[in-house]
Amino acid sequence: MNITTLKTHALPALLAGTGRQPLSFAGDLVELASGDAANAALNALSLTAQALRFERPLPPETFNAEPEIHDDRHILPDPMRRPLIRLLKEKRTSDDLELALAWAFGRSKVRPHPFDLPRIDAFVRAHAEHLGLTAQHWAARENDSTAQTQSYFEAEALDETTWAKASLAQRANFIADRRKEDAAAARALVEAIWAQENAEARVRLLMALETGLNVSDQPFLEGLAKDRAPRVRSLAQRFLARITGNAAESPALKACLERIRRSTTGLLKKRTTLALELPATVKEHEAKGWIRKTFGEVSCDELARALELTESALIEAAAKDENLLLALALMATQDRRLDLLEEIAGGQLKDAWEQLGRCGVQDLGLMPVEERLRWAEILIRPYSAKPPASYSAWSWLHRSLEGPVPELLMEPIIRSSRWITGLLEEQKAGSEWMELLAAVCPISLRPLLRTQLESLDAPLTMTALPLLDILESLKKVGHHEQ
Amino acid sequence: MALSHNNVEALAPDQSSLDAARKLLKAASWPALASNGTGLIWGECQGSGSTPYRVVVSEVDAGYKCSCPSRKFPCKHSLALMWLRADGKLTFAVATVPAWVNDWVSRRRGPSAASSASAENGSKASIKATGSAIPEIKPDPKAEARSAAARERNSREREDAVLAGLDDLDLWISDQLDRGLAGFAAQSGPVCRVIAQRLVDAKASGLAARLEGLPARLFSLPEAVRPAAAIQELGLIHLLVAAYRRLNEGQDALPSGLKADVRQAIGWALTRESLLADPDATRTRARWRVVAALSEVQADRLRRLETWLWRETEQEAPRFAVLIDFVPVATGAASSGYSVGDRIDAELVFYPSALPLRAQIAQSFSGAESSEDALALPDRRLQDAYQSYERAMIRQPWLDVWPVSMTGARLRRHGSQLFLCDSDEASAPIALALKSAQYSLATPLLSFAKLDAIGLWDGYYLNLCWVQTELGRWVNV
């Protein structure tokens with residue numbers, strides 16, 4: 001009796017049913033029937049079972065080809081792996097904690113351990129661009145077996161042959177950098193891939209062309225008048241207006257001018273006064289959003305010229321209208337005109353930090369770190385040593401800076417425990433506040449903050465202290481790398 | 001064992017218990033915290049009542065006891081005490097073990113009972129120490145004979161009941177064969193439940209559990225494989241029945257290990273006490289590493305906790321061992337207290353078997369120590385590892401799960417299915433499919449050309465438990 005006999009004679013009968021297809025005890029199977037006739041079928045069952053159990057598991061004919069990813073980043077040290085997973089799995093952690101970690105990974109050029117990627121999947125998917133090539137591959141992988149092989153690049157490794165395969169943020173940054181060196185060549189790169197991009201990508205790439213905008217861009221921008229995406233058309237029109245010097249034709253500027261009322265005041269010296277009239281349909285709580293939307297696409301220079309005022313005069317004329325000052329602060333930030341912002345925040349709009357915070361997250365675009373810190377200092381300075389105890393304001397600043405806040409802000413509140421104590425007692429602040437403080441703390445002040453946090457009850461610092469540990473560890477590994 | 005946050009996480013029955021424990025991490029909640037310096041810590045936690053709850057934890061094996069009425073195990077107080085110990089921020093004063101702690105230690109059945117209790121022998125109350133003579137009780141020969149006869153009678157009655165149940169089972173399997181096994185899986189739920197209940201009545205609880213779990217096992221497989229799997233499962237059951245019947249008729253001279261396997265598979269359980277008292281049982285003192293900790297809820301609402309151990313010390317003894325515990329699901333306990341990677345120095349006593357695998361800890365010589373060391377896995381291709389499974393099946397044909405270790409393997413993907421293969425293309429083609437539940441967790445291993453691994457093969461799927469790579473250890477947790 002052998003396996004073949006069992007599989008050809010016994011197996012079909014066992015599957016179909018011996019009532020329908022009786023077992024034929026022919027050939028080698030005769031010995032089964034001769035032994036114990038009553039149990040012959042059961043014995044055949046047991047023997048067939050054993051025959052099947054000894055079948056070896058054969059591999060499929062083909063296997064998928066796995067991409068080779070050369071990720072040169074250092075891996076997060078082992079002692080920090082469990083705390084990282086624990087932090088990211090903690091249900092009550094804030095988005096600020098995740099952002100602080102992602103940005104720290106990006107800055108220090110460290111990556112999570114590949115084995116941890118499935119355990120922190122949601123975090124990796126949300127912040128893959130900061131976590132290195134392996135994480136990007138992980139985030140982009142599809143459960144579908146037909147997932148296409150894709151290429152992943154570190155921002156520094158991008159060139160004109162590979163840039164189109166990188167993530168959108170990396171591509172936009174690459175184009176902006178390339179524009180500084182050779183504006184025409186950068187535009188040619190964008191033109192080459194333009195037709196295949198979706199609306200979001202087209203907007204981002206077009207925004208990158210703002211760097212080094214010049215007359216030679218005009219034909220390309222004119223061609224965008226029929227683009228399917230309204231945002232692309234509007235942005236192209238704005239750029240065109242800037243190139244041709246006919247800014248007044250910009251629809252965004254027109255929309256702003258329609259809402260600004262101009263008057264003159266003063267008995268002896270006539271002064272121009274400007275006031276912003278919100279549309280009747282915009283409710284109070286929607287005002288900040290409307291201001292951002294309306295003034296977001298106009299520059300201070302354009303508005304001043306349209307109103308036939310200098311930029312300083314424009315700020316002076318808007319001094320009594322908080323909403324217009326806020327609009328000017330938004331425009332000054334967008335134009336990277338920190339001198340104008342200083343004039344606004346240092347003058348009438350002392351709470352520019354909180355006001356801007358209510359308009360939504362500020363995209364500081366390609367602003368370098370030092371400039372971002374200066375921008376934040378301008379907003380912080382009017383508060384002196386008493387920053388607002390508003391979680392949303394701090395969180396907004398953190399997200400806008402994409403990193404720690406200036407020492408100017410943190411040092412006074414860490415050196416004296418009074419501010420944090422007040423926060424706990426008056427605001428009933430919980431662990432999320434401590435977490436945020438750990439997330440925004442500048443590197444140099446972390447030891448001081450740790451001392452402060454360690455004096456608090458453990459439940460308050462359950463996530464803040466491990467976050468500090470991981471951020472420190474990332475800094476060390478990153479420093480070692482340099 | 002130095003308690004760690006990982007232990008606390010692993011032991012916690014759910015997230016809410018951890019959250020509740022976190023709130024007790026204030027020094028103010030613990031009027032008393034102490035330790036005996038040799039692995040026992042205890043404390044009093046101020047709850048809402050006037051009397052604080054008394055909590056004790058054994059660091060040796062993460063055993064615990066709390067006087068609170070919570071129905072979660074461990075409760076938030078026990079978790080908080082372990083957490084405080086892991087944090088190391090609060091001081092545990094070294095103190096004499098109070099009576100209530102001693103009482104718990106002396107009543108413990110776990111592996112740490114011996115070591116913890118022996119550490120406290122000096123202060124423990126002893127009847128002998130009272131000096132009074134204990135009157136010697138003379139055994140009554142007549143009473144002993146009566147009870148032996150009663151035991152014999154009960155055993156015989158049970159044997160008869162089991163044999164009658166096996167006759168029913170044969171008939172049931174014959175009925176299934178008559179109908180054909182191609183469609184058996186689809187209707188297996190109700191039909192298996194009925195025969196399982198009859199086998200419970202017949203006191204063949206092992207077979208009953210096997211049949212009760214059969215539908216779940218079949219449905220965990222791809223539809224195309226289910227008919228063949230049904231043949232294998234029912235064929236094995238008949239094989240067991242036939243072996244037991246022959247044993248009972250005294251026809252077969254099966255090796256003693258295999259006899260024990262057959263009886264255990266039918267439902268003749270061996271208690272821990274009997275096993276420890278058995279002078280012939282295989283005993284091995286060695287350093288063991290925890291390579292897998294599995295938890296599975298059974299149909300009878302018991303959670304089966306398996307702790308798989310790898311013997312590190314080179315000696316003639318089984319290479320693998322598995323500790324199996326059963327706890328009611330309602331308690332919420334989901335961990336045996338050991339974490340993957342832990343190293344223990346212990347004497348294991350193995351249940352008699354043709355393939356000694358299941359064991360009990362007879363004595364612990366040290367607490368579990370967490371270790372990141374790699375295992376020195378013997379140089380063995382996947383093909384050789386698979387041959388060890390085949391040899392094991394020859395020795396015990398109804399083998400369920402077999403631990404395999406291999407070196408130089410490689411993980412590969414076909415669609416959304418992962419396979420472990422030999423990295424050496426010249427080897428005979430063999431590929432062990434991984435459970436689909438491991439797809440996401442094991443995917444990062446695809447990028448390694450060579451893996452040294454330990455897994456549990458159940459004939460259909462490999463449960464990858466431990467993998468050593470150039471980037472360190474991967475575990476299935």
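What is chain A's relative contact order, in percent, from Cα pairs under 8 angstrom and six or more apart in sequence?
Details: 550 pairs, mean separation 63.5, N = 482.
The normalised contact order for chain A reaches 13 percent.
Peptides A:59-68, B:172-181, B:266-275 ranked from most to least packed by the mean count of surrounding Cβ atoms within 10 Å: B:172-181, B:266-275, A:59-68.
If you add up the charges near A:Arg259, with Lys and Arg at +1 and Asp and Glu at -1, over every other residue whose beta carbon is less than 13 angstrom from its beta carbon, what do you get? The partial results should precede the final answer.
Details: positive: A:Lys254, A:Arg261, A:Arg262, A:Lys293; negative: A:Glu258, A:Glu277, A:Asp321.
Once positives and negatives cancel, what remains is +1.
Residues A:Leu240, A:Leu397, ranked from the fewest to the most other C-beta atoms within 10 Å, line up as A:Leu240, A:Leu397. For the residues of B:233-242, the average number of beta carbons from a partner chain within 10 Å of their own beta carbon is 5. Peptide B:222-231 is shielded by partner chain Cβ atoms: per residue, an average of 3 of them sit within 10 Å of its Cβ.
Convex hull volume of the C-alpha atoms in chain A, normalised per residue: 263 Å³. Taking the three principal axes of the alpha carbon atoms in chain B, the coordinate ranges are 71, 69, 45 Å, sorted in descending order. The stretch between B:Glu369 and B:Glu316 holds 16.7 nm of extra length on full extension. This uses 0.36 nm per residue minus the Cα-Cα distance. Oblate is the label for the stretch A:328-376, because the ratio a/c of its alpha-carbon gyration tensor axes (a ≥ b ≥ c) is 1.5 or higher and a/b is not greater than b/c.
For B:Asp178 and B:Ala277, the FRET efficiency from 1/(1 + (r/R0)^6), where r spans their Cβ atoms and R0 equals 45 Å, is about 0.45. Note on chain A: antiparallel DSSP beta bridges, both residues inside, total approximately 75 percent of the bridges counted.
Share of Cα-Cα pairs in the stretch B:188-298 beyond 20 Å, in percent?
Summing the P(r) tail past 20 Å for the stretch B:188-298 gives 57 percent.
Which whole-number percent gives the relative contact order of chain B, counting Cα pairs below 8 Å spaced six or more residues apart? It comes to 12 percent, rounded to a whole number. Distance between the pseudo-spin-label points of A:Arg228 and B:Arg71 (7 Å out from Cα toward the beta carbon): 5.9 nm. Counted by Cβ distance under 12 Å from B:Val60, the other residues give a net charge of -4, where Lys and Arg count +1 and Asp and Glu count -1.
If you count, for each residue, the other Cβ atoms within 10 Å and average over each peptide, how do A:436-445, B:322-331 line up from highest to lowest?
Numbers: A:436-445: 21.1, B:322-331: 15.2.
Final packing ranking: A:436-445, B:322-331.
Using helices alone, what [θ] at 222 nm do you get for chain A, with -39,500 (n - 2.57) per DSSP H run of 4 or more residues, divided over all residues and rounded to the nearest 500? Intermediate results must be reported in sequence, preceding the final value.
On the way: 26 runs with 261 residues, N = 482.
So the helix-based figure for chain A works out to -16000 deg cm²/dmol.
Please give the Cα centre distance for the stretch B:418-477 versus the stretch A:105-119, rounded to the nearest Å. The two parts, judged by their Cα centres, are 22 Å apart. Once the Cα-Cα distance is subtracted from the 0.36 nm per residue extended length, the A:Arg381 to A:Thr5 segment shows a gain of 126.3 nm.
Of the trypsin sites (Lys or Arg not before Pro) found in the stretch A:398-482, those that fall in a DSSP loop while having at most 16 other beta-carbon atoms within 10 Å are A:Lys428.
Once you keep just the Cα pairs under 8 angstrom separated by 6 or more residues, what percentage relative contact order results for the stretch A:260-365? The value is 25 percent. Would you mind getting me the FRET efficiency between A:Ser216 and A:Arg271? Use the beta-carbon distance for r and R0 = 45 Å, nearest 0.05. Efficiency, rounded to the nearest 0.05: 0.60. Ellipticity at 222 nm from helices only: DSSP H runs of n ≥ 4 in chain B, each -39500 (n - 2.57), divided by the residue count, give -11500 deg cm²/dmol. Take the Cα of B:Asp14, step 7 Å toward its Cβ, do the same at B:Ala161, and the gap between the two points is 3.7 nm. Residues B:His238, B:His5, A:His285, ranked from the fewest to the most other C-beta atoms within 10 Å, line up as A:His285, B:His5, B:His238.
Convex hull volume of the Cα atoms of the protein assembly as shown, normalised per residue: 237 Å³.
Peptides B:297-307, B:140-150: what's the order by average Cβ count within 10 Å, highest mean first? Kindly include the intermediate steps, with their values, before the conclusion.
On the way: B:297-307: 15.9, B:140-150: 9.7.
Descending mean neighbour count gives B:297-307, B:140-150.
Once the gyration tensor of the Cα atoms in the stretch A:153-245 is diagonalised, the equivalent ellipsoid follows with semi-axes of 21, 15, 10 Å, ordered largest first. When a/c is below 1.5 the answer is rounded, else prolate if a/b is larger than b/c, else oblate, so apply that to the stretch B:252-302 with a ≥ b ≥ c taken from the square roots of the Cα gyration tensor eigenvalues. Oblate, since a/c reaches 1.5 and b/c is not below a/b.
Within 12 Å, Cβ to Cβ, of A:Glu197, how many net charges do the neighbouring residues add up to if Lys/Arg are +1 and Asp/Glu are -1?
Values: positive: A:Arg171, A:Arg202, A:Arg204, A:Arg228; negative: A:Glu191, A:Glu200, A:Asp227.
Every neighbour counted, the sum reads +1.
With just the Cα atoms defining each centre, how far is the stretch B:193-269 from the stretch B:18-43? Give it in Å. Value for the Cα centre distance between the two parts: 48 Å. Averaged over the residues of peptide A:416-428, the number of Cβ atoms from other protein chains lying within 10 Å of each residue's Cβ is 0. Here's the list of lysines a cross-link from A:Lys226 could span, going by alpha-carbon distance under 25 Å and ignoring same-chain residues fewer than 8 apart: A:Lys254, A:Lys293. Apply the a/c threshold of 1.5 to the C-alpha gyration tensor of the stretch B:272-370 and tell me whether it is rounded, prolate or oblate. It comes out oblate by the Cα gyration axes.
Stretch A:Ala319-A:Ala389 to full length: gain in nm at 0.36 nm per residue minus the Cα-Cα span? Kindly include the intermediate steps, with their values, before the conclusion.
Details: separation 70, 0.36 × 70 = 25.20 nm, distance 2.62 nm.
In short, 22.6 nm is gained.
Restricting things to Cα coordinates, could you compute the convex hull volume per residue of the stretch B:52-102 in Å³?
On the way: hull volume 4.9 nm³, N = 51.
Residue-normalised Cα hull volume stands at 96 Å³.
Putting +1 on Lys and Arg Cβ atoms and -1 on Asp and Glu Cβ atoms, find which of A:Pro447, A:Ser167, A:Val298 reaches farthest to the positive end of the dipole of chain A. Going by the charge dipole, the pick is A:Val298.
Where a number appears in this text, it was derived from the coordinates with a stated rule and is not lab data. Only a predicted model underlies this, so the values are computations on that prediction, with no experimental measurement involved. As a convention, Cβ positions derive from the backbone with ideal geometry for all residues, glycine included, and neighbour counts pool all protein chains shown.
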